[in-house]
Amino acid sequence: MSVAIVTGSSGLIGSETARFFHQKGLEVGGIDNNMREYFFGADGSTDWNTRLLKQSLKNFKHYSIDIRNQTEIFDIFKSYGNNIQVIVHAAAQPSHDWAAREPLTDFTVNANGTLILLEATRLFCPDATFIFTSTNKVYGDAPNQLPLVEHETRWEVAESHPFFEYGIDESMTIDQSKHSLFGVSKVAADVLVQEYGRYFDLKTGAFRGGCLTGPSHSGAELHGFLAYLAKCAVADKPYTIYGYGGKQVRDNIHSYDLVNAFWHFYQNPRPGAVYNTGGSRHSNCSVLEAIQLIQELTGKSVRYEISEVARSGDHIWWISDIRKFQNDYPQWSYRYDLRRIVQEILEATKGRALSQAS
Ligand SMILES: NC(=O)c1ccc[n+]([C@@H]2O[C@H](COP(=O)([O-])OP(=O)(O)OC[C@H]3O[C@@H](n4cnc5c(N)ncnc54)[C@H](O)[C@@H]3O)[C@@H](O)[C@H]2O)c1
């Protein structure tokens, strides 16, 4: 049987990938040790999702293993061997702020963990496609050097700039800017993934995500902005916006649309490819605009405060230009826009709050 190995399988992207590839007929080996709870506390726990996957997917096997454990990772890859058709590597320490607390943990999970998985692929299933969830944080704060203009509810790049119409493309430098330690560990992983494609001819691809989001996100203050905002709105908890007057812009892509992009890549991989992947001009908002939309959809006001202190290395304006991916995979298209994403997240958040209360 064809096997998909998914790391971070209980997280937002990993769980969507496990369901999607399982539905396409693959057996799925999911690797996740719920380290998200260690990073972000109870809000971040992904245990609920592990239970759901085990209950709902017939050909799913869960491995509660740390991706840094070379022996155990090699054992899993060895046991499936060339049956492994695709690896989607989505396990990570995903937060800027948390990385500064434990730089060694951040770097070893994001960089060393990726190297171990690439090496396992090269040794035990070299024909498999290897998909890596990279991040737009590999560009550090270079996007903040763009000519930005302040509007009533958001920052925007100047209309005269080439990035205005479609957003930021892959030509943006990843060098000589402030990345945060998280950005650095992801750069290391991103270039390793490219190198295993270019040097060893593995079928690797790095998807540099904007804001990846969806109802399966275990939103925590330090990671998962829309999911955490929805959680605060539903629980009537105050939300703190860090810096830029709440006008910082993120583009948001639903986990389904991202995983569908992985599926297209898997069927026709381009070794060493790098793609900016996000909501693009199709789906983006500032934090203030997201709050407005949630208020409109829930009919309730959201309590929030704006702290003057911005997150170090944070982007003021980010919109992904996704045309490179669209040109390579013209059959792919978005299913979700921002409104539908937020609606789904709100419904899931209310559902989870109710089930926890009962
Ligand atoms: N969510 C976003 O906005 C966003 C944006 C850009 C890039 N990304 C990247 O996409 C990927 C997936 O993000 P997500 O939002 O699904 O994250 P997530 O935190 O929801 O999922 C990651 C999962 O990996 C697991 N994990 C962490 N360290 C592990 C380890 N050492 N061993 C085994 N499992 C481990 C966690 O328990 C968690 O369930 C990450 O690489 C992240 O950096 C996310």
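The table for this structure:
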quantity	calculated
Selection within region 147-203 - among the hydroxyl-bearing types (Ser, Thr, Tyr) and on the phi < 0 side of the Ramachandran plot	153, 160, 166, 171, 173, 177, 185, 196, 199
Candidates 139, 166, 196, filtered to the one that is among the aromatic types (Phe, Trp, Tyr) and farther than 23 Å from residue 282 by Cα	196
Region 119-161 - residue that is within 16 Å of the ligand (Cβ to nearest atom) and touching an Asp or Glu at 6+ places or on another chain (Cβ under 6 Å) and, of those, nearest to residue 70 (Cα to Cα)	134
Residues of region 253-273 classified as open to solvent by 10 Å² or more (accessible area, probe 1.4 Å) and either in contact with a helix residue (DSSP H, G or I) (Cβ under 7 Å, 6 or more places away or on another chain) or in contact (Cβ under 8 Å) with a residue 12 or more places away in the chain (or both), total	10
Residue pairs meeting the criteria (Cβ under 6 Å; at least 6 apart or on separate chains; first closer than 21 Å to residue 268 by Cα, in region 110-136; second polar (S, T, N, Q))	125/82; 128/85; 128/121; 130/121; 130/204
Residue tally, condition surrounded by 24 or more Cβ atoms within 10 Å (Cβ to Cβ), part of a helix (DSSP H, G or I) and hydrophobic (A, V, I, L, M, F, W, C), over region 175-223	3
Residues of region 321-358 that turn out to be in contact (Cβ under 8 Å) with a residue 60 or more places away in the chain and closer than 18 Å to residue 228 by Cα, as a count	13
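Listed here are the residues, each with its yes/no results for (1) part of a loop (DSSP other than H, G, I, E, B); (2) more than 25 Å from residue 96 (Cα to Cα); (3) acidic (Asp, Glu).
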| position | (1), (2), (3) |
| --- | --- |
| 131 | no, no, no |
| 138 | no, no, no |
| 153 | yes, no, no |
| 156 | no, no, yes |
| 160 | yes, yes, no |
| 171 | yes, no, no |
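The values are calculated or read from the model by the stated rules, or taken from the named source; none is laboratory data. Only a predicted model underlies this, so the values are computations on that prediction, with no experimental measurement involved. Virtual Cβ from ideal backbone geometry, glycine too; neighbours counted across all protein chains shown. Side chains are part of the model used for accessible areas, which takes the heavy atoms of the whole protein and leaves out ligands, DNA and RNA. Shrake-Rupley method; radii C 1.70, N 1.55, O 1.52, S 1.80 Å.
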